[in-house]
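Chemist: Have a look at this one.
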Amino acid sequence: MDFFPIFLKIKNKQILVVGGGEVACRKVDLLLKAHANITVVSPILHPHLQMLLEQQLITHIDQPYQSSQLSGADQVWATTDSAELNHQIYHDANALKIWTNVVDDPKFCDFITPSMVDRSPIHIAISSGGASPVLVRYLRERLETYLPQNLSLVATFSGKQRQRIKQHFTTIDERRKFWEQFFRLTAVENAHTNEELEIAFQQLLAEKNDCSGNIYLIETGHDPELLSLKALRLMQQSEYVLYHDDVADVFIDLCRRDADRERCDHKNIQALTENLVQQGVRVCILATKDNHRPGIKKYCTSHNGIFVPIFG
């Protein structure tokens, strides 16, 4: 991992952008969305930057770059069309321990900007570390088509219910299970207004929520792309993952990130599962087609569990 993925809060931070061309325009527009205090250093300003200056949205230093201009900056962007100058800016800023980005030059970057999917307050960032920008753009386009257009509405609504939901559910586990059910409701997926979301919210609260444990037996193979959407959904819902020795790591990694994980064998799997289900935990058992014995499948179905074969 060449770059650690992180979201930075730059509201009211002092950001210095060196360069006044089209590249600077793109970066300044993004920085303004994050409410940064932006100073642009350039003898010549692009018309768009000139407009922002007239609107008092940015500050302008009408001079060529000088290292003294770095004083007080929290972050620096080098966007000039001179690689030599950009590298000099990078070295000057690094001497002052200021995070710097030289646009389109990852070797001279303390941080990089990913490709972003914006459904405020939801933001998804994708990066290849500069290795394949075209592939990253392709992935962003795929995500744009997959994510619902009302995601911003749903995220804003749910964020306002955090205190309200605590009055109904005392534990984090109960609240998490409620939200998992809520986000999967057809009414929520199709909602266009807060009123529609409120109706779905109240109806789900009025129902008796099932907080009991469950068993999901997921049959794996050698290719994770053969997993069904149902299998992936159940793997993401599970709070505890049991897996056999011959299950590839890629399948384990596809399970929810905060789930507990434990290696198991045929001798102890039923005892482990029984104990977890009694505690109200949703358990995912990962087993290869060649290695899951009929006894495990029978145990799963006899306890109202779900068996998801690799094909089917």
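Chemist: Please go through segment 261-285 and give me each residue that is closer than 23 Å to residue 310 by Cα and either open to solvent by 30 Å² or more (accessible area, probe 1.4 Å) or assigned to a helix (DSSP H, G or I) (or both), ordered by number. Before you say what the answer is, go through the steps one by one.
Modeler: Step one: of segment 261-285, the residues closer than 23 Å to residue 310 by Cα are 261-266, 269-270, 273, 282-285.
Within segment 261-285, 261, 262, 263, 265, 266, 269, 270, 273 qualify.
Chemist: So, in segment 38-59, exactly how many residues are more than 11 Å from residue 24 (Cβ to Cβ) and either assigned to a helix (DSSP H, G or I) or in contact with a Gly (Cβ under 8 Å, 6 or more places away or on another chain) (or both)? First the steps, then the outcome.
Modeler: Filtering segment 38-59 down to residues more than 11 Å from residue 24 (Cβ to Cβ) leaves 39, 43, 47, 50-51, 53-57, 59.
Restricting the remaining residues to those that are either assigned to a helix (DSSP H, G or I) or in contact with a Gly (Cβ under 8 Å, 6 or more places away or on another chain) (or both) gives 43, 47, 50-51, 53-54.
The qualifying residues number 6.
Chemist: OK, next. Checking the condition of a type outside the set (A, V, I, L, M), farther than 14 Å from residue 119 by Cα, at pLDDT below 90 and open to solvent by less than 60 Å² (accessible area, probe 1.4 Å), which residue from 180, 189 passes? Outline the logic, then answer.
Modeler: Values: 189 fails: open to solvent by less than 60 Å² (accessible area, probe 1.4 Å).
When all the criteria are applied, what remains is 180.
Chemist: Inside segment 166-177, can you point out the residues that are in contact with a helix residue (DSSP H, G or I) (Cβ under 8 Å, 6 or more places away or on another chain) and open to solvent by 70 Å² or more (accessible area, probe 1.4 Å)?
Modeler: Step one: of segment 166-177, the residues in contact with a helix residue (DSSP H, G or I) (Cβ under 8 Å, 6 or more places away or on another chain) are 166, 168-169, 175.
Selection gives 166, 168.
Chemist: Further, regarding this structure: Pick out the one residue from 246, 223 that is open to solvent by 60 Å² or more (accessible area, probe 1.4 Å) and in contact with a strand residue (DSSP E or B) (Cβ under 7 Å, 6 or more places away or on another chain).
Modeler: Numbers: 223 fails: in contact with a strand residue (DSSP E or B) (Cβ under 7 Å, 6 or more places away or on another chain).
It is 246.
Chemist: Then there's this: Among the residues of segment 63-86, is any open to solvent by 60 Å² or more (accessible area, probe 1.4 Å), touching a Pro at 6+ places or on another chain (Cβ under 7 Å) and either in a helix (DSSP H, G or I) or closer than 18 Å to residue 38 by Cα (or both)?
Modeler: Checking segment 63-86: at least one residue is open to solvent by 60 Å² or more (accessible area, probe 1.4 Å), touching a Pro at 6+ places or on another chain (Cβ under 7 Å) and either in a helix (DSSP H, G or I) or closer than 18 Å to residue 38 by Cα (or both).
Chemist: So the check is Cβ under 8 Å with 6+ separation or different chains; which pairs have a first residue in segment 119-136 that's among the aliphatic types (A, V, I, L, M) and a second one that's surrounded by fewer than 12 Cβ atoms within 10 Å (Cβ to Cβ)?
Modeler: Within 8 Å, the pairs are 125/5; 125/7.
Chemist: I would also like to ask the following. Look through segment 96-107, keep the residues that are modelled with pLDDT of 95 or more and buried (at least 18 other Cβ atoms within 10 Å of the Cβ), and return whichever of them is farthest from residue 17 (Cα to Cα). Break it down stepwise before answering.
Modeler: Step one: filter segment 96-107 for residues modelled with pLDDT of 95 or more, giving 96-102.
Applying the additional criterion that residues be buried (at least 18 other Cβ atoms within 10 Å of the Cβ) yields 98, 100-102.
Numbers: 98: 13, 100: 10, 101: 10, 102: 10 Å.
Looking at residues that are modelled with pLDDT of 95 or more and buried (at least 18 other Cβ atoms within 10 Å of the Cβ), I get 98.
Chemist: Can you tell me which residues in segment 100-116 are part of a strand (DSSP E or B) and either more than 23 Å from the chain's Cα centre (by Cα) or of a type in the set (Asp, Glu) (or both)? Steps first, please.
Modeler: To start, the set of residues in segment 100-116 that are part of a strand (DSSP E or B) comprises 100-102, 109, 115-116.
100, 102, listed by residue number.
Chemist: Can you find even one residue in segment 83-95 that is among the polar types (S, T, N, Q), closer than 18 Å to residue 8 by Cβ and at pLDDT 95 or above? Let's see the steps before the verdict.
Modeler: Taking segment 83-95 as the starting set, the residues that turn out to be among the polar types (S, T, N, Q) are 86, 88, 94.
Now drop any that are not closer than 18 Å to residue 8 by Cβ, which leaves 94.
Going one step further and asking which of them are at pLDDT 95 or above, we end up with 94.
The answer is yes, given that some residue of segment 83-95 is among the polar types (S, T, N, Q), closer than 18 Å to residue 8 by Cβ and at pLDDT 95 or above.
Chemist: Okay, next question. Out of the residues in segment 134-155 that are open to solvent by 80 Å² or more (accessible area, probe 1.4 Å) and assigned to a helix (DSSP H, G or I), state the one that is nearest to residue 180 (Cα to Cα).
Modeler: Step one: list which residues in segment 134-155 are open to solvent by 80 Å² or more (accessible area, probe 1.4 Å), which gives 134-135, 137-138, 141-142, 145-146, 149.
Checking which are assigned to a helix (DSSP H, G or I) leaves us with 134-135, 137-138, 141-142, 145-146.
Working: 134: 34, 135: 31, 137: 29, 138: 29, 141: 26, 142: 23, 145: 22, 146: 18 Å.
So, considering only residues that are open to solvent by 80 Å² or more (accessible area, probe 1.4 Å) and assigned to a helix (DSSP H, G or I), the one nearest to residue 180 (Cα to Cα) is 146.
Chemist: Would segment 130-153 turn up any residue that is touching a strand residue (DSSP E or B) at 6+ places or on another chain (Cβ under 9 Å) and among the small types (Gly, Ala, Ser)?
Modeler: yes
Chemist: Residue pairs, Cβ under 6 Å, 6 or more apart or interchain, first in segment 9-27 and on the phi > 0 side of the Ramachandran plot, second modelled with pLDDT of 95 or more and in a loop (DSSP other than H, G, I, E, B). List them.
Modeler: 19/42; 19/79; 19/80
The values are calculated or read from the model by the stated rules, or taken from the named source; none is laboratory data. From a predicted model like this one, the values you see are computed outputs, not experimental measurements. Virtual Cβ from ideal backbone geometry, glycine too; neighbours counted across all protein chains shown. What goes into the accessible areas is simple: the full protein's heavy atoms, side chains included, and nothing from ligands, DNA or RNA. Shrake-Rupley method; radii C 1.70, N 1.55, O 1.52, S 1.80 Å.
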